1. Work out how much length Lys55 to Phe146 would gain on full extension: take 0.36 nm times their residue separation and subtract the Cα-Cα distance, in nm to one decimal.
2. Straight-line reach from Lys98: which lysines have Cα under 28 Å away, leaving out those fewer than 8 places along the same chain?
3. For Ala64 paired with Arg176, estimate the spin-label separation in nm (one decimal), with each label point 7 Å from Cα along the Cα-to-Cβ line.
4. How far is it, in nm, from the label point at Arg223 to the one at Ile169 when both lie 7 Å from their Cα along the line to the Cβ?
5. Through the Karplus equation 6.51 cos²θ - 1.76 cosθ + 1.60, θ set to phi - 60°, convert the phi angles of the stretch 179-194 into ³J(HN,Hα) values in whole Hz; use x for Gly and Pro.
6. Return the single residue from Gly30, Gly175, Gly145 with maximal mean-square fluctuation; model: Gaussian network over the chain, springs between Cα atoms under 10 Å.
7. Length gain on complete extension for the stretch Val130 to Gln108, per 0.36 nm per residue less the alpha carbon to alpha carbon distance?
8. Under a 10 Å cutoff between Cα atoms, tell me which one of His69, His35, His99 has the largest fluctuation in the Gaussian network model of the chain.
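Please treat every number below as a calculation from the coordinates, not as lab data. Keep in mind the model is a prediction, meaning the values are calculated, not measured. Cβ sites come from the backbone with ideal geometry, for glycine too, and all protein chains shown count toward neighbours.
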Amino acid sequence: MQQDFKIAPSILAADFARLGEEVENVLAAGADIVHFDVMDNHYVPNLTVGPMVCKALRNYGITAPIDVHLMVEPVDDLIGQFADAGASIITFHPEASKHVDRSIQLIQQAGCEAGLVLNPATTLESVRHVLPKLDMLLLMSVNPGFGGQKFIPYTIDKLREARAAIDEIVAAEPGRKPIRLEIDGGVTADNIREIAAAGADTFVAGSAIFGKGDYAAAIAAMREQLAQV
Ligand code: DX5
Ligand code: ZN
């Protein structure tokens, strides 16, 4: 069965001096979602961009969903700012919020979809009780903070576990909103098929897309693999 797979290029690997054009080009090349990595040099040892840049992409004319991955601590103050800046999905790391359930509520009340991000060492069990509230679960397959790292192999087992947990929630409540299962870090055309087979349906890729000269060819190579799942 052909599933509803989504490809989400990470802006981290784009040319920031030409960000609007880069995002426009990658969407025209077949991407579905813009993955917007926000780093604060506190929760992770790197610094990127904030709500003003998200807003600038909307002003530039980007209409595709913007998936804001918050690698910041604390979380709550930025939720409203990103909602106002045009974010579609906001995900955060549970370790970075004192009150995870409240942060999820804040995101949804602001009119965005909410997701949690699990670091490689963070267990699925630790978020079991809030899983049914989520619109997205994002599993990190590298330690957050940098692009261009290698996919951590044990994430495959974790994806299988997450897929089973999500399917169980959806089966218990037919017709409910879906929970997307996103993977982030070290995704390439060489491993995307195995990652999809383990249960991911949304694929972040930075260097494997923006690091290539031909974005359309890079995305097509991924879709070719996904068509075989
Ligand atoms: C890492 C970021 C990722 C990163 C992925 O902390 O969350 O989104 O940009 O980059 P690649 O695809 O190069 O591993
Ligand atoms: Zn990310």
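1. Between Lys55 and Phe146, full extension yields an extra 30.5 nm.
2. Partners within reach: Lys55, Lys133, Lys158, Lys177.
3. 3.0 nm
4. 2.9 nm
5. Karplus values, whole Hz, x for Gly and Pro: 10, 7, 10, 9, 10, 9, x, x, 7, 9, 5, 7, 10, 5, 5, 5.
6. Greatest mean-square fluctuation among the candidates belongs to Gly175.
7. Values: separation 22, 0.36 × 22 = 7.92 nm, distance 1.33 nm.
6.6 nm is the gain from fully extending Val130 to Gln108.
8. Result: His99 has the largest fluctuation of those listed.
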